Amino acid sequence: MNTLTAEVIATARLDLLPLRAAHAEEMAAVLSDPGLHAFIGGAPDPPQALRARYERLTAGSPDPGVSWLNWVIRLRDEGCLAGTVQATAGPSPQGVAAEVAWVVGAPWQGRGIATEAARGLVEWLGRQPVREVRAHIHPEHHASAAVAAAAGLAPSHVWQDGELGWLRHVGPETDGARTNSGSQNGS
């Protein structure tokens, strides 16, 4: 697999911008609500810790066959950051697979931002050599499940660490067809 590189992804209202360490200060405020950690655990990072994390992420995966792809979600009309989307792409038995995730800050939730960003990300991945897009979602996180469904992912029978796997086949030969088959890889 050739390593993938995050590029700007434009949707109707959003620009998904490749993550930079310089985003840490604004993103620390965006992600400051402890409620964002209800299903994933942990607590909000202060700006310095988030900057260090972003520096590690932008340095890339230590595995040359794996691509760490991270974006911040910028609301074009408001000129502010509102969340993140990410994908970890690497080899799988079906070809290249990408594990995806998203988070939108509490003040911007309920506006369709996560759905629009996730759709943009999945469409972009479908134009890359990626053949499967996966997500793992806590069964009680109904908003995240709705985002996954809107991005064309379907629940599978695979569970990992208490989260249900969601899956979508992408690429030119699939025409974005949905599937209910699962994978064994986690996020």
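Taking a ≥ b ≥ c as the square roots of the eigenvalues of the Cα gyration tensor of the stretch 13-78, is the shape rounded (a/c under 1.5), prolate (a/b larger than b/c) or oblate? List each step's numbers first, then the result.
Values: a/c = 1.65, a/b = 1.16, b/c = 1.42.
Cα axes put the stretch 13-78 in the oblate bin.
Skipping prolines and chain starts, which residues have an amide H placed within reach, meaning under 5 Å, of the one on Ser61, given they are 5 or more residues away or on another chain?
Amide H neighbours of Ser61: Trp68.
Bin width 5 Å, origin at 0, all Cα-Cα pairs of the chain: what percent of pairs per bin?
For the chain, the binned pair fractions read 1, 8, 17, 21, 22, 18, 10, 3, 0 percent.
At a 10 angstrom cut-off on C-beta neighbours, averaged per residue, how do the peptides 125-138, 58-71 rank from highest to lowest?
Numbers: 125-138: 21.1, 58-71: 16.1.
Top of the packing list down: 125-138, 58-71.
So what is the calculated 222 nm ellipticity per residue for the chain, using -39500 (n - 2.57) for each DSSP H run with n of 4 or more, over all residues, to the nearest 500 deg cm²/dmol?
Values: 4 runs with 43 residues, N = 187.
It lands at -7000 deg cm²/dmol.
Provide the gained length on full extension for the span Thr3 to Ser32, in nm with one decimal, where the gain is 0.36 nm per separating residue minus the Cα-Cα distance.
Roughly 7.3 nm would be gained on extension.
Give, in nm to one decimal, the length gained when the segment between Arg76 and Ala150 is fully stretched (0.36 nm per residue of separation minus the Cα-Cα distance).
Working: separation 74, 0.36 × 74 = 26.64 nm, distance 2.14 nm.
Here the answer is 24.5 nm.
Between Ala49 and Arg127, how many nm apart are label points set 7 Å from Cα along the C-beta direction?
So the label points at Ala49 and Arg127 sit 3.7 nm apart.
Computed from the coordinates by the stated procedures, all read-outs in this text should not be read as laboratory data. The structure displayed is predicted, hence computed values, not measured ones. Ideal geometry is used to build each Cβ from the backbone, glycine not excepted, and the neighbour counts take in all protein chains shown.
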